[in-house]
Amino acid sequence: MENILLIASSESDSNIYYASGFLAPDSFIYLSTQGKTYLLMSDLEIDRARAQSKVDDVLSYSDYEEKAKRFGAEPKFMDVVSALLKEHSIADIAVPFNFPLEYGDALRALGYTLSIKREPFFSARAIKTVSEVTAIRNAQIAVEKAFDEVIDLLRKSEIKGNQIYWEGVLLTSEFVRQKLHLKMMENGCVAEHTIIACGVDACDPHNVGTGVLRANEPIIFDIFPRSIETRYFADMSRTVVKGTASDPLKKLYDTVLEGQELGISRVRSGANGKEIHEEICALFEKRDYKTGRVDGRMQGFFHGTGHGVGLDIHEHPSISRRDCTLQKGEVVTVEPGLYYPKIGAVRIEDMVLVEENGCRNLTTYPKFLEID
């Protein structure tokens with residue numbers, strides 16, 4: 001059984017939060033050895049950690065600081081960590097790929113052997129429990145409630161020229177994003193970097209979108225908030241047009257939807273994510289939607305089909321160009337897209353739970369292109 005050492009803030013590092021169940025803004029120490037788990041906490045956080053964490057024992061940093069003084073007058077941080085490791089007769093440690101270099105160098109200098117373990121650091125994280133699936137679904141419900149209000153806003157808006165007005169207000173990405181974020185916050189979720197990209201902006205898949213939202217052009221919404229209570233994410237994308245979509249854009253939309261439905265139909269335990277991705281790529285090629293660089297810009301389908309969702313918005317597994325076998329209990333997105341500046345851009349994304357003989361869609365929001 002390997003010895004695991006994590007040193008991080010659980011507000012920013014999902015592995016230490018997953019392992020400890022304790023949320024704190026400052027870094028703390030997690031140790032797993034011989035089937036037991038420990039936190040080494042400052043006096044500021046020790047009582048809260050004992051009440052809220054899920055580890056076997058919470059230890060006092062100041063106590064181990066005193067123990068470390070036996071090895072030096074003024075022990076440094078790694079001397080205190082070393083005192084804990086020595087108490088458990090540990091010489092070899094597994095650490096994550098993002099373990100601070102300073103700490104790694106200090107531990108090696110003290111004689112410890114470190115092995116770097118890449119993601120998924122905890123393989124069990126990929127297989128979601130019933131409560132984790134519920135947490136993800138609840139975050140998705142917040143997404144759908146908020147997005148429904150935005151769609152209602154767009155339905156009630158007026159088109160003047162190529163611009164969209166709601167109650168006399170010119171609609172911009174920033175205005176609609178604020179409405180969306182506030183509504184998700186009312187439902188217990190916090191969102192950042194939500195994509196509301198119109199027209200050519202949407203042809204850059206990670207362009208969050210700025211400025212005026214124009215009528216009769218595609219608007220990509222990519223919404224991925226985190227639950228304040230559970231820390232689990234949801235992720236959904238939809239593409240809509242306020243007004244009338246061009247015939248080429250309608251065809252593009254129908255093709256992406258066909259590709260997404262194909263991908264969802266292929267998700268099941270034991271399926272290879274690479275094969276699913278390649279099948280969607282082949283469908284797009286068959287429909288004469290080529291992928292490649294045109295005038296110095298990538299066009300077509302040039303990102304992965306999907307990624308895992310949980311305590312991180314992007315985590316194991318993947319449906320992409322690399323081999324990855326899907327397992328029952330994983331939550332993964334299916335989000336193909338096509339991007340052509342002369343036509344427009346379309347991306348449609350759902351989250352699905354991998355099951356033995358298929359998958360269960362955790363996204364229930366309808367898919368449509370035009371809004372009158």
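This table checks each residue for (1) of a type in the set (A, V, I, L, M); (2) over 17 Å from Y17 (Cβ atoms); (3) modelled with pLDDT of 95 or more.
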residue	(1), (2), (3)
L39	yes, no, yes
L44	yes, yes, yes
G72	no, yes, no
P75	no, yes, no
A83	yes, yes, yes
>> Can you tell me how many residues within segment 325-372 are more than 27 Å from I219 (Cα to Cα) and either crowded, with 24+ Cβ neighbours inside 10 Å or polar (S, T, N, Q) (or both)?
In response: 7
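For segment 109-128, name all the residues that are of a type in the set (K, R) and either in contact with an Asp or Glu (Cβ under 9 Å, 6 or more places away or on another chain) or surrounded by 13 or more Cβ atoms within 10 Å (Cβ to Cβ) (or both). Spell out the reasoning first.
The initial filter retains those residues of segment 109-128 that are of a type in the set (K, R), namely 117-118, 125, 128.
Across segment 109-128, the qualifying residues are K117, R125, K128.
I need a count of the residues in segment 294-322 that are farther than 26 Å from D13 by Cα, touching a residue at least 24 places away in the same chain (Cβ under 8 Å) and surrounded by fewer than 20 Cβ atoms within 10 Å (Cβ to Cβ). Even if it seems obvious, please write down each step before you answer.
Our first condition is that a residue be farther than 26 Å from D13 by Cα; within segment 294-322, this holds for 294-302, 321.
After this cut, where a residue has to be touching a residue at least 24 places away in the same chain (Cβ under 8 Å) as well, the list is 297-302, 321.
Cutting the leftovers down to surrounded by fewer than 20 Cβ atoms within 10 Å (Cβ to Cβ) gives us 297-298, 300, 302, 321.
Total meeting the criteria: 5.
Does any residue of segment 276-290 turn out to be in contact with a strand residue (DSSP E or B) (Cβ under 8 Å, 6 or more places away or on another chain) and outside any helix (DSSP H, G or I)?
Going residue by residue through segment 276-290, those that are in contact with a strand residue (DSSP E or B) (Cβ under 8 Å, 6 or more places away or on another chain) are 276-277, 284, 289-290.
Applying the additional criterion that residues be outside any helix (DSSP H, G or I) yields 289-290.
Looking through segment 276-290, at least one residue is in contact with a strand residue (DSSP E or B) (Cβ under 8 Å, 6 or more places away or on another chain) and outside any helix (DSSP H, G or I).
Looking only at segment 307-319, decide whether some residue is polar (S, T, N, Q), out of contact with any Cys (no Cβ under 8 Å at 6 or more places or on another chain) and assigned by TED's automatic domain parsing to the domain that holds I141.
Here is the first cut: in segment 307-319, the ones polar (S, T, N, Q) are 318.
This time we only want the ones that are out of contact with any Cys (no Cβ under 8 Å at 6 or more places or on another chain), so: none.
No, the conditions are met nowhere in segment 307-319.
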> Pairs under 7 Å by beta carbon, first residue more than 23 Å from M185 (Cβ to Cβ) in segment 138-166, partner of a type in the set (S, T, Y) and buried (at least 16 other Cβ atoms within 10 Å of the Cβ), six or more apart or different chains?
Replying inline: I164/S157; Y165/S157
> Does S131 satisfy the criteria of being surrounded by fewer than 15 Cβ atoms within 10 Å (Cβ to Cβ), among the small types (G, A, S) and not assigned by TED's automatic domain parsing to the domain that holds N216?
Replying inline: no
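Please enumerate the residues belonging to segment 198-233 that are small (G, A, S) and either over 28 Å from I159 (Cα atoms) or without any contact (Cβ under 8 Å) to a residue 40 or more places away in the chain (or both). Walk me through it before giving the result.
Taking segment 198-233 and keeping what is small (G, A, S), we get 199, 202, 209, 211, 215, 227.
Within segment 198-233, G209, G211, S227 qualify.
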> When only residues in segment 225-235 that are on the phi < 0 side of the Ramachandran plot, surrounded by fewer than 23 Cβ atoms within 10 Å (Cβ to Cβ) and of a type outside the set (S, T, N, Q) count, which is nearest to the chain's Cα centre (by Cα)?
Replying inline: R226
>> Based on this model, can you work out whether T239 counts as surrounded by fewer than 23 Cβ atoms within 10 Å (Cβ to Cβ) and more than 18 Å from G308 (Cα to Cα)?
In response: no
>> Looking at the structure I just gave you, is D92 surrounded by fewer than 16 Cβ atoms within 10 Å (Cβ to Cβ) and farther than 17 Å from I4 by Cβ?
In response: no
>> Within segment 7-31, take every residue that is buried (at least 20 other Cβ atoms within 10 Å of the Cβ) and over 21 Å from the mean Cα position of the chain (by Cα) and give me the one that is farthest from A51 (Cα to Cα).
In response: I7
> In segment 173-192, what residues are buried (at least 18 other Cβ atoms within 10 Å of the Cβ) and part of a strand (DSSP E or B)?
Replying inline: C189
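The values are calculated or read from the model by the stated rules, or taken from the named source; none is laboratory data. Worth saying up front: this structure is predicted, and the values here are computed from it rather than measured. Cβ: placed from backbone, ideal geometry, glycine included. Neighbour counts: every protein chain shown.
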